[in-house]
Amino acid sequence: MNNTDFEPMTPMEETAQAGQQADEKAAAPEYVRQPRREKQSRPAQPKVRRVGFFTLGIALILTGGCIAASMVLKDFPLFTVAKLAPLVLVALGVEVLWANARKGDAQLKYDLLSMFVCFVLICASMAAATVPILLRYYGPDREYTERRLEQELEQQLQEKLPVGSVLDGYSSVDLSRMEFDKEMTLADLKTEDWVRVNLTLAGTYADENAFAEACAQMLPTLRELGVNQVNFRSENEDDQWELQIGGVFQMNASAQELAGRVTHMVRYWEDDSYTWWDEANLKAYLAEKAQTELQEPQPEEEPVESAVEESSETSAEVAAVENG
């Protein structure tokens, strides 16, 4: 702080300073307080009621709860719940009717985003409900069960059919129903399941009746194992026999009834290769072939005398050329 000596003002100086301040204050513009403007009233807008938002919330809550329950509870019927997904549309319709009845002066505004999400949830739920069906029909469990039953069937055929009566064979099992047990056996097969067997029989057969008799002897065992379609065949030397049967009536037919369904083929060799023919068709083919060979023109043979004369003339011409 500076030590400065201030001289007191005289009364005349104080009066002059006060007058100067009054003049400056009079020269300054006087501020006038303006009255506050009244706020302009905005036009009243109608109330807006959104439709679809409530249904979306309920759908999200139920969907999340069902998914969480399926992860915690092993036996939770998620497949059955997915079938109830179209009820979301019912809830959305109820909300629309309820909002329309209570709208009053309010204006309804459909929440398109909420409706779209509900639609996506329905599609996803329907897809989730379809996946188990596809897995049932085309999944690995079905294929594994069918292959296991085929091996079991072939083992049973080898044990129960007469020894030496079958040279080769294979089976095919098709579980046509949707629900099945992965641990099922041949005894659990039902009528809608397809069980096919192909057997190659041993031995030789004189005619259709003998082959049909051999096939009829195996039918009781095949019926016991659940087989409903079978293809018998046998091939030896120049004969081939085949019998295809299926269904309840044919699987219970007698040897005489089966004989009419036996197909007999014979081997025909031609140009170091062979083909299998039906016996009647082969006879017709051979007869037509023989007739065609008879109708073909034969090359004409020149007379012996003319051939000798031509050879002698040729020899004479050669000798003349050599003698010059």
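The values are calculated or read from the model by the stated rules, or taken from the named source; none is laboratory data. In this text, all values refer to a predicted model and were calculated from it rather than measured experimentally. FYI the Cβ positions are ideal-geometry reconstructions off the backbone, even for glycines, and counts take in every protein chain you see.
Listed here are the residues, each with its yes/no results for (1) touching a Phe, Trp or Tyr at 6+ places or on another chain (Cβ under 8 Å); (2) part of a loop (DSSP other than H, G, I, E, B).
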position	(1), (2)
Lys190	no, yes
Gly226	no, yes
His264	yes, no
Ala284	no, no
Condition met for Leu225 (under 20 Å from Glu154 (Cβ atoms) and in contact (Cβ under 8 Å) with a residue 60 or more places away in the chain): yes
Pick from Glu288, Glu313: which is at pLDDT 85 or above, loosely packed, with under 11 Cβ neighbours inside 10 Å and farther than 18 Å from Asp207 by Cβ? Glu288
Would you call Thr204 under 25 Å from Glu257 (Cα atoms), within 37 Å of the chain's Cα centre (by Cα) and not in a strand (DSSP E or B)? no
For region 174-192, state whether one or more residues are surrounded by 17 or more Cβ atoms within 10 Å (Cβ to Cβ) and more than 18 Å from Glu150 (Cβ to Cβ). no
When only residues in region 150-188 that are hydroxyl-bearing (Ser, Thr, Tyr) and in contact with a Phe, Trp or Tyr (Cβ under 9 Å, 6 or more places away or on another chain) count, which is nearest to Arg223 (Cα to Cα)? Ser172
Could you go through region 72-81 and let me know if any residue there is modelled with pLDDT under 75, touching a Ser or Thr at 6+ places or on another chain (Cβ under 6 Å) and among the hydrophobic types (A, V, I, L, M, F, W, C). yes
Is at least one residue of region 46-65 under 26 Å from Met178 (Cα atoms) and modelled with pLDDT of 70 or more? no
List pairs: first residue in region 237-265 and touching a residue at least 12 places away in the same chain (Cβ under 8 Å), second residue part of a loop (DSSP other than H, G, I, E, B) and of a type in the set (A, V, I, L, M) anywhere in the structure, Cβ distance under 6 angstrom, at least six positions apart or on different chains. Leu243/Val262
So, Ala212, is that one surrounded by 18 or more Cβ atoms within 10 Å (Cβ to Cβ) and outside any loop (DSSP other than H, G, I, E, B) or not? yes
